[in-house]
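**Q** Sharing a structure, written as structure tokens. Questions coming.
Just so you know, all these numbers are worked out from the coordinates, no wet-lab data involved. What you see is a predicted model, and the numbers here were worked out from it, not measured in a lab. Using ideal geometry, Cβ is built from the backbone for each residue, glycine included, and neighbour counts are taken over all protein chains shown.
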Amino acid sequence: DAGVIQSPRHEVTEMGQEVTLRCKPISGHDYLFWYRQTMMRGLELLIYFNNNVPIDDSGMPEDRFSAKMPNASFSTLKIQPSEPRDSAVYFCASSFGQGSRQKLFFGSGTQLSVL
Amino acid sequence: SQQGEEDPQALSIQEGENATMNCSYKTSINNLQWYRQNSGRGLVHLILIRSNEREKHSGRLRVTLDTSKKSSSLLITASRAADTASYFCATDLIQGAQKLVFGQGTRLTINP
């Protein structure tokens, strides 16, 4: 299995631009999570899906952030417009069955720099 | 807010020594997990311990859980240079949704 695949690996953009991060979860997994990691705030859960349906988006910082999961094999996290404070590493993770009772498989992350 | 808090924030030991990291949490949980993160990489699951378990082993890893003190510890025995990484505990909430909340992590450095 290829594991959780995220793209791009690195993204550098200018303030105000739209940014789209992509994630392909492990085949058969029914939970998908988006986390953001910064030195100041650590790992923050932004949103998670179960069977492609958003369950909890309380961690999404602002309306500038949106996430979709159109099918079981693809999810996007979009930031529009981007701001310098959005600079962070964004991780996608997936799991099979019962959410927090199962281990998460993380992608390699997208390092986002907003100038 | 953070559910889990790791201690110490950073730990530096010599290769071959044992490393112990602690995690404290605030509310009752269903289970607690430990993850490792190598520099520039994603997190990798190490071990899951359920609230009705007190100790669990996996290779050189030993995890304990004390629900009365709301704390857990991760012991790595006979450390190796390859164990250099950040280690995170993650907890869920009995009353909460199916999601994990991570602590700030312990940065472990193994000196050769």
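**Q** Which whole number of Å³ per residue matches the convex hull of the alpha-carbon atoms in the range A:7-78? Walk me through the numbers before you get to the answer.
**A** Values: hull volume 7.6 nm³, N = 72.
Measuring per residue, one finds 105 Å³ for the Cα hull of the range A:7-78.
**Q** Over the Cα atoms of the range B:1-101, each weighted equally, I'd like the Debye log10 I(q)/I(0) at q = 0.14, 0.15, 0.21, 0.24 Å⁻¹, rounded to two decimals.
**A** Each listed q corresponds, in turn, to -0.51, -0.58, -1.11, -1.39.
**Q** Ignoring the sites themselves, what is the longest stretch of chain A with no trypsin sites (Lys or Arg not before Pro) in a DSSP loop and at most 13 other beta-carbon atoms within 10 Å?
**A** Working: sites that count: A:ARG9, A:ARG41.
Here the longest segment lacking exposed loop sites spans A:42-115.
**Q** What does the charge count around A:GLN17 come to, taking other residues whose C-beta lies under 13 Å from its C-beta (Lys +1, Arg +1, Asp -1, Glu -1)? Write down the numbers at each step before the final one.
**A** Numbers: positive: A:ARG64, A:LYS78; negative: A:GLU11, A:GLU14, A:GLU18, A:GLU83, A:ASP86.
Result for the neighbourhood of A:GLN17: -3.
**Q** Mind checking which of B:GLY42, B:GLY59, B:GLY16 has the largest fluctuation in a GNM of chain B, springs on alpha carbons under 10 Å?
**A** Sorting by GNM fluctuation, first place goes to B:GLY59.
**Q** Oh, and also: Over chain B, what relative contact order in percent results from Cα pairs under 8 Å that are six or more residues apart? Before the final figure, lay out each step's value.
**A** On the way: 283 pairs, mean separation 43.6, N = 112.
Once normalised by length, the contact order is 39 percent.
**Q** Further, regarding this structure: Taking a cut-off of 29 Å between Cα atoms, list the lysines near B:LYS26, but don't count ones fewer than 8 places away on the same chain.
**A** Of all the lysines, those that pass the test against B:LYS26 - Cα under 29 Å, at least 8 places apart if same chain - are A:LYS103, B:LYS56, B:LYS69, B:LYS70, B:LYS99.
**Q** Further, regarding this structure: May I ask for the longest run of chain B untouched by GluC sites (Glu not before Pro) that are loop-located per DSSP and have at most 16 neighbouring C-beta atoms (other than their own) within 10 Å? Each step should come with its number before you reach the end.
**A** Values: sites that count: B:GLU15, B:GLU17, B:GLU53.
For GluC sites (Glu not before Pro) (loop position, at most 16 other Cβ atoms within 10 Å), the longest site-free span of chain B is B:54-112.
**Q** Using the beta-carbon distance between A:VAL53 and A:ALA2 and R0 = 22 Å, what value does 1/(1 + (r/R0)^6) give for FRET efficiency, to the nearest 0.05? Could you put the intermediate results ahead of the total?
**A** Working: r = 24 Å, r/R0 = 1.11.
FRET efficiency, A:VAL53 to A:ALA2: 0.35.
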